[in-house]
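Below you'll find the structure, written out as structure tokens, and then a few comments.
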Amino acid sequence: MQLIPFLDIDGHDIAANPAKGGPAHQHVDFRWAFLLRAEHAVRLQTEEVSGYEWRSFEDSASPTVRAKLALLPRPTHS
């Protein structure tokens, strides 16, 4: 099986939240995507991963991820 990884890192400021006692800080999201060339069963290591979703290129949640995915070669189906 050929697995092609993709990573997007998004950093943004979070305002202070006095109701939770949280100071202003920077938050970093790491978003992983993998292009699979064949069907693949997924087994999560639950102590390390909170979840996953299968999404098409067009249905990516983030505009920045969509833009980056659009630069990748499109998969071909036989």
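The values are calculated or read from the model by the stated rules, or taken from the named source; none is laboratory data. Given the structure is predicted, the values throughout are model-derived calculations rather than measurements. Glycine also receives a Cβ, built like all others from the backbone with ideal geometry; neighbour counts cover every protein chain displayed. Accessible surface is based on the protein model in full, side chains and every heavy atom, while ligands, DNA and RNA are left aside. Shrake-Rupley method; radii C 1.70, N 1.55, O 1.52, S 1.80 Å.
Taken together, the residues in the stretch 4-24 that are out of contact with any Leu (no Cβ under 7 Å at 6 or more places or on another chain) and either among the aliphatic types (A, V, I, L, M) or outside any strand (DSSP E or B) (or both) amount to 11.
Quick check on LEU72: is it at pLDDT below 70 and of a type in the set (A, V, I, L, M, F, W, C)? Answer is no for this residue. Look at the stretch 17-41: where a residue is open to solvent by 90 Å² or more (accessible area, probe 1.4 Å) and a partner is outside any strand (DSSP E or B) and modelled with pLDDT of 90 or more, sitting 6+ places away or on another chain with Cβ atoms under 7 Å, you get PRO23/ALA16. Any residue in the stretch 53-68 that is at negative phi, part of a helix (DSSP H, G or I), hydroxyl-bearing (Ser, Thr, Tyr) and at pLDDT 75 or above? Looking through the stretch 53-68, at least one residue is at negative phi, part of a helix (DSSP H, G or I), hydroxyl-bearing (Ser, Thr, Tyr) and at pLDDT 75 or above. When you look at VAL28, is it out of contact with any Leu (no Cβ under 9 Å at 6 or more places or on another chain), modelled with pLDDT under 80 and not basic (Lys, Arg), yes or no? When the stated conditions are applied, VAL28 does not pass them. The set of residues in the stretch 42-51 that are open to solvent by 90 Å² or more (accessible area, probe 1.4 Å) and at pLDDT 75 or above comprises ARG43, GLN45, THR46, GLU47, GLU48.
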